[in-house]
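Report on one structure; see the data block that follows.
The values are calculated or read from the model by the stated rules, or taken from the named source; none is laboratory data. Keep in mind that what you see is a predicted model, and the values were worked out from it rather than measured. Note that we place each Cβ from the backbone using ideal geometry, even for glycine, and neighbour counts take in every protein chain shown. Heads up: the accessible areas ignore ligands, DNA and RNA and are worked out on the full protein's heavy atoms, side chains in. Shrake-Rupley method; radii C 1.70, N 1.55, O 1.52, S 1.80 Å.
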Amino acid sequence: MTPRWSVIIPAFNEATRLPPFLDKVVSYFEGRDEPYEVIVVDDGSTDGTAEAVGERRLPAVQVLRLPANGGKGAAVRTGMLAARGAYRVFADADGATPIEELKRLEPMLLAGADVVIGSRVLADPGVSVTTRPHRVAAGRMFNWLVARVGLRDIADSQCGFKAFTGPAATRLFEALSTRGFGFDVEILLMARAAGCRIVEVPVNWTDQAGSKVGVLRHGPGMLWQIVQARRRVGRRRS
């Protein structure tokens, strides 16, 4: 049976944080009583992430193992192109955005959006975002720079909770080149260039210990990735 939803979870050394979130994802979709699949993409982990998932013996969950760490963009791309769902969402393995937040994204897809992205920046009285001050400052600076490459109306390009229709996911991720953390920007630039309808909605989000993204460690690389992505998308349009 073709799944209605595919959930893609990229995971690099997430043997500790992923299993509890995975249980919540499965419980949520079991309660919906509709076909679904969960694809965990093990991005070259060395801590037994794939084994930790396998030990749970969850029929709807499959693990795709990449031979080496290729980057978050590469992992999400692998999962999206392997997915079969009519709708596809990727979520971070730490569960910073609860899977229940899908209820905020799904209506937008049903109303005709091609891409719906969660936002930690848009204000909503029913949403709570908990994070550390230095990450807030870094996020604001990054989003200001992203606006300068062509995403002026996107408040939060980097939230790790984005949903797509099946056709949009296939089209966009087949063309994705960015392998690292800056892949979100390229996806959104391509979606904009392709005429996709993009909707941004506020979601609950809680900063989790053990983040794989460091402002100083990954920031410069991400900026270079988005500059290169902008050039690629510009060349395709010309």
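Data table
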| quantity | calculated |
| --- | --- |
| Criterion violated by residue 160 - all others in (1) crowded, with 23+ Cβ neighbours inside 10 Å; (2) within 26 Å of residue 84 (Cβ to Cβ); (3) touching a Pro at 6+ places or on another chain (Cβ under 9 Å) satisfied | (1) |
| Members of the stretch 199-212 that are out of contact with any strand residue (DSSP E or B) (no Cβ under 6 Å at 6 or more places or on another chain) and modelled with pLDDT of 95 or more | 201, 204 |
| Condition check for residue 91: within 27 Å of residue 168 (Cα to Cα) and open to solvent by less than 50 Å² (accessible area, probe 1.4 Å) | yes |
| Residue ID - farthest from the chain's Cα centre (by Cα), chosen from residues in the stretch 17-70 that are over 19 Å from residue 5 (Cβ atoms) and of a type in the set (Asp, Glu) | 55 |
| Qualifying helices (runs of 4 or more DSSP H) (wholly inside the stretch 100-198; at least 1 residues being acidic (Asp, Glu), modelled with pLDDT of 85 or more and closer than 24 Å to residue 78 by Cα) | 102-110, 166-175, 183-193 |
| Neighbours by Cβ (under 7 Å, 6+ apart or cross-chain): first from the stretch 181-209, buried (at least 21 other Cβ atoms within 10 Å of the Cβ); second of a type in the set (Asp, Glu) and outside any loop (DSSP other than H, G, I, E, B) | 203/101 |
| Contacts under 7 angstrom Cβ, first residue in the stretch 69-93 being farther than 24 Å from residue 112 by Cβ, partner in a loop (DSSP other than H, G, I, E, B) and of a type in the set (Gly, Ala, Ser), 6 or more apart | 69/44; 70/44; 71/180; 72/180; 73/180; 92/160 |
| Only one of 107, 20 that is under 22 Å from residue 207 (Cβ atoms) and exposed (fewer than 14 other Cβ atoms within 10 Å of the Cβ) | 20 |
| Residue tally, condition open to solvent by 40 Å² or more (accessible area, probe 1.4 Å) and more than 23 Å from residue 177 (Cα to Cα), over the stretch 59-74 | 2 |
| Enumeration of residues in the stretch 32-49 that are over 24 Å from residue 164 (Cβ atoms) and open to solvent by 10 Å² or more (accessible area, probe 1.4 Å) | 44, 45, 46, 47, 48 |
| Inter-residue pairs, beta-carbon under 8 Å, first within 15 Å of residue 95 (Cα to Cα) and in the stretch 17-35, second open to solvent by 70 Å² or more (accessible area, probe 1.4 Å) and basic (Lys, Arg), 6+ apart | 19/56; 22/56; 23/56 |
| Close pairs (7 angstrom Cβ cut-off, 6 or more residues apart or separate chains): under 13 Å from residue 166 (Cα atoms) in the stretch 101-127, among the aromatic types (Phe, Trp, Tyr) and surrounded by 21 or more Cβ atoms within 10 Å (Cβ to Cβ) anywhere | 109/87; 114/164; 115/164 |
